[in-house]
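S.K.: Got a structure here, written out as structure tokens. Questions coming.
The values are calculated or read from the model by the stated rules, or taken from the named source; none is laboratory data. It should be emphasised that the depicted structure is a prediction, and the values quoted were computed from it without experimental measurement. Counting neighbours? That spans all protein chains shown, and the Cβs are built from the backbone with ideal geometry, glycine included.
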Amino acid sequence: MNTFKKAERLQQLPPYLFKEIDRKKAEVMARGVDIIDLGVGDPDLPTPPNIIKALKKAADDPANHQYPSYSGMNDFKEAVAKWYQQRFWVKLDPATEVVSLIGSKEGLAHFPLAFIDPGDVALIPTPAYPVYNTATIFAGGRSHFMPLLKENAFLPDLDAIPGEVAATAKLMFLNYPNNPTSAVADPDFFKQVVEFAHKHRILVCHDAAYTEMAFDGYHAPSFLEVDGAKEVGLEFHSLSKTYNMTGWRIGFAVGNHEGIDGLGAIKSNIDSGVFQAVQMAGIEAIQGDQSCVQDMIRVYTGRRDLMVQGLRDAGFQLDPPKATFYLWVETPDGYTSAQFAGRLLEEAGLVVTPGNGFGDPGEGYFRIALTQKRERLSEAAERLKAIKL
Ligand SMILES: Cc1ncc(COP(=O)(O)O)c(C=O)c1O
């Protein structure tokens, strides 16, 4: 019996669906099998040296050792505004429309606390990065799920949202380029979202963590590029994937000033900002030499092509994604996501993520993260081919 009863909000979290695969992974590892982990979306590449150098220099300066400002250093916020202007042609006021984050997950997780009262509805895509739903639950809100289906190119069908839900919803979460489906959204879709959000007075939170990880010359748009978007929306960005900085914990939110203000009010009561030396490294990342981004794109393009070919040779059908380092693959007939992920682990020592772990419509899919070196991906492809489907 537990002595200390945990809060209701923890009881309300959806079941952890990766438990079984985690257990199997530990079991297979204990047998000494050479496991290739394609499960985790954490870049294996190092942070570019110019960014590390900027951190070291800033860490040596005692001026950076005290509490930072809650919302971010002016220099960091100005660098973000400049990057937005250069990259997306979107104008931002650094003082009121930018806030630094301790990674975009932190901002996404805290945002509903600023706008969701108990019982309020948030529109959440599914399958999705789980934080949108759990953050809504933590704020006492209710999630109305918007299925992302293959027949709709993994975009939510806004017309399928019941009128009474749209009328009461406070927030909508979106994420393009998308984790886990790797789908992309064009500005026309964002235009529809902006109209919908204006009509129903909904604040849109666009998670743009993967905009820079795009291939074959594709440039992912910003939600804020659409006319009127800033009146109804914010965008959450991360330096984690673009600059291989997952461990550094730095990101930012930009856009609607009421949204930024609300998030800032929550954050100022919970955290004390991002270590200034990390913000200075962040400035170097977004304003310094961008050839590292091209290098990153080249590496993942090669890995994507290798793995897509490997999967096709093994009998799977899929198109190369335009963005993200994920492949979203249909399981063979007769297998659930969990069953097939289990078989890959047992027979081939491959860890993939079962699609249903991201939400019910992910059933029938598994996700591969291209976060292993080419040789390991070639080995994974060989092992896949050896499996009799
Ligand atoms: C869709 C999506 N959003 C946000 C994040 C969080 O990124 P970070 O907190 O490192 O900025 C991730 C990380 O995997 C992600 O996949």
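S.K.: Among PRO125, PRO112, which is the only one that is farther than 22 Å from VAL80 by Cβ and either more than 16 Å from the chain's Cα centre (by Cα) or away from the ligand (no atom under 11 Å from the Cβ) (or both)? Write out each step before concluding.
M.R.: On the way: PRO125 fails: either more than 16 Å from the chain's Cα centre (by Cα) or away from the ligand (no atom under 11 Å from the Cβ) (or both).
Of the residues listed, the single one that is farther than 22 Å from VAL80 by Cβ and either more than 16 Å from the chain's Cα centre (by Cα) or away from the ligand (no atom under 11 Å from the Cβ) (or both) is PRO112.
S.K.: May I pose another question? Name the one entry in LEU92, LEU101, LEU171, LEU113 that is touching a Cys at 6+ places or on another chain (Cβ under 7 Å) and either touching a residue at least 12 places away in the same chain (Cβ under 8 Å) or more than 29 Å from ALA369 (Cβ to Cβ) (or both). Can you show your working first?
M.R.: Values: LEU92 fails: touching a Cys at 6+ places or on another chain (Cβ under 7 Å); LEU101 fails: touching a Cys at 6+ places or on another chain (Cβ under 7 Å); LEU113 fails: touching a Cys at 6+ places or on another chain (Cβ under 7 Å).
Selected residue: LEU171, the only one of LEU92, LEU101, LEU171, LEU113 that is touching a Cys at 6+ places or on another chain (Cβ under 7 Å) and either touching a residue at least 12 places away in the same chain (Cβ under 8 Å) or more than 29 Å from ALA369 (Cβ to Cβ) (or both).
S.K.: Applying the selection to the stretch 87-105, what residues are away from the ligand (no atom under 16 Å from the Cβ) and either surrounded by fewer than 24 Cβ atoms within 10 Å (Cβ to Cβ) or on the phi > 0 side of the Ramachandran plot (or both)? Can you show your working first?
M.R.: Residues of the stretch 87-105 away from the ligand (no atom under 16 Å from the Cβ): 87-97.
Correct list: ARG87, PHE88, TRP89, VAL90, LYS91, ASP93, PRO94, ALA95, THR96.
S.K.: Tell me, please, whether a residue that is surrounded by fewer than 18 Cβ atoms within 10 Å (Cβ to Cβ), among the charged types (D, E, K, R) and either part of a loop (DSSP other than H, G, I, E, B) or modelled with pLDDT under 95 (or both) can be found in the stretch 64-86.
M.R.: Scanning the stretch 64-86 turns up no residue that is surrounded by fewer than 18 Cβ atoms within 10 Å (Cβ to Cβ), among the charged types (D, E, K, R) and either part of a loop (DSSP other than H, G, I, E, B) or modelled with pLDDT under 95 (or both).
S.K.: Quick check on the stretch 26-34. Is at least one of its residues in a helix (DSSP H, G or I), over 22 Å from GLY349 (Cα atoms) and in contact (Cβ under 8 Å) with a residue 12 or more places away in the chain? Break it down into steps so the answer makes sense when it comes.
M.R.: First, pick out the residues of the stretch 26-34 that are in a helix (DSSP H, G or I): 26-30.
From what's left, over 22 Å from GLY349 (Cα atoms): none.
No, because not a single residue in the stretch 26-34 is in a helix (DSSP H, G or I), over 22 Å from GLY349 (Cα atoms) and in contact (Cβ under 8 Å) with a residue 12 or more places away in the chain.
S.K.: Now for a separate question. Can you tell me which residue among ASN256, ASN269 is of a type in the set (S, T, N, Q), more than 25 Å from LEU370 (Cα to Cα) and free of Cβ contacts under 8 Å to residues at least 60 places away in the same chain? Working first, answer last.
M.R.: Details: ASN256 fails: free of Cβ contacts under 8 Å to residues at least 60 places away in the same chain.
Selected residue: ASN269, the only one of ASN256, ASN269 that is of a type in the set (S, T, N, Q), more than 25 Å from LEU370 (Cα to Cα) and free of Cβ contacts under 8 Å to residues at least 60 places away in the same chain.
S.K.: Output the qualifying pairs, or none if there are none: Cβ atoms under 7 angstrom, residues six or more apart or on different chains, first residue in the stretch 307-335 and surrounded by fewer than 16 Cβ atoms within 10 Å (Cβ to Cβ), second residue outside any loop (DSSP other than H, G, I, E, B) and among the β-branched types (Val, Ile, Thr).
M.R.: So the pair list comes out as LEU318/VAL308; LEU318/VAL329; PRO320/VAL308.
S.K.: If we keep just the residues of the stretch 138-160 that are in contact with a helix residue (DSSP H, G or I) (Cβ under 6 Å, 6 or more places away or on another chain) and in a helix (DSSP H, G or I), which is surrounded by the most Cβ atoms within 10 Å (Cβ to Cβ)?
M.R.: Per the stated criteria, the residue is PHE138.
S.K.: Do we have HIS110 as at pLDDT 95 or above and either over 27 Å from ALA7 (Cα atoms) or in a loop (DSSP other than H, G, I, E, B) (or both) here? Reasoning before the result, please.
M.R.: Values: at pLDDT 95 or above: yes; either over 27 Å from ALA7 (Cα atoms) or in a loop (DSSP other than H, G, I, E, B) (or both): no.
It is false that HIS110 is at pLDDT 95 or above and either over 27 Å from ALA7 (Cα atoms) or in a loop (DSSP other than H, G, I, E, B) (or both).
S.K.: Right, next: Search the stretch 161-176 for residues being part of a helix (DSSP H, G or I) and not hydrophobic (A, V, I, L, M, F, W, C), and hand back the single one that is nearest to the chain's Cα centre (by Cα).
M.R.: Of all residues in the stretch 161-176, those part of a helix (DSSP H, G or I) come to 163-168.
Subset that is not hydrophobic (A, V, I, L, M, F, W, C): 163-164, 168.
Numbers: GLY163: 29, GLU164: 29, THR168: 26 Å.
Taking the candidates together, the pick is THR168.
S.K.: Please find, within the stretch 307-351, the residue that is farthest from ALA128 (Cα to Cα) out of those that are of a type in the set (A, V, I, L, M) and in a loop (DSSP other than H, G, I, E, B).
M.R.: So in the stretch 307-351, the residues of a type in the set (A, V, I, L, M) come out as 307-308, 311, 314, 318, 323, 327, 329, 338, 341, 344-345, 348, 350-351.
Subsequent filtering for residues that are in a loop (DSSP other than H, G, I, E, B) retains 314, 318.
Working: ALA314: 27, LEU318: 20 Å.
Only one residue tops the list, namely ALA314.
S.K.: So is GLU195 of a type in the set (D, E, K, R) and more than 12 Å from the ligand (Cβ to nearest atom) or not?
M.R.: yes
S.K.: When you scan the stretch 225-249, how many residues do you find that are assigned to a helix (DSSP H, G or I), within 11 Å of the ligand (Cβ to nearest atom) and surrounded by 22 or more Cβ atoms within 10 Å (Cβ to Cβ)? Even if it seems obvious, please write down each step before you answer.
M.R.: Applying the first criterion (assigned to a helix (DSSP H, G or I)) to the stretch 225-249 yields 225, 229-232, 246-248.
Keeping just the survivors that are within 11 Å of the ligand (Cβ to nearest atom) gives 246-248.
Right, trim to surrounded by 22 or more Cβ atoms within 10 Å (Cβ to Cβ) and you get 248.
Here the count works out to 1.
S.K.: Moving on to the next point. So which of GLY233, GLY217, GLY255 is farther than 30 Å from VAL165 by Cβ and at pLDDT 95 or above?
M.R.: GLY217
S.K.: Quick one: PHE215 ticks every box in (1) more than 25 Å from ILE368 (Cα to Cα); (2) away from the ligand (no atom under 12 Å from the Cβ); (3) not small (Gly, Ala, Ser) bar one, so which box is it?
M.R.: (1)
S.K.: Here's a follow-up. Which condition number does ILE52 fail, the rest of (1) part of a helix (DSSP H, G or I); (2) under 30 Å from PRO130 (Cα atoms); (3) β-branched (Val, Ile, Thr) being met?
M.R.: (2)
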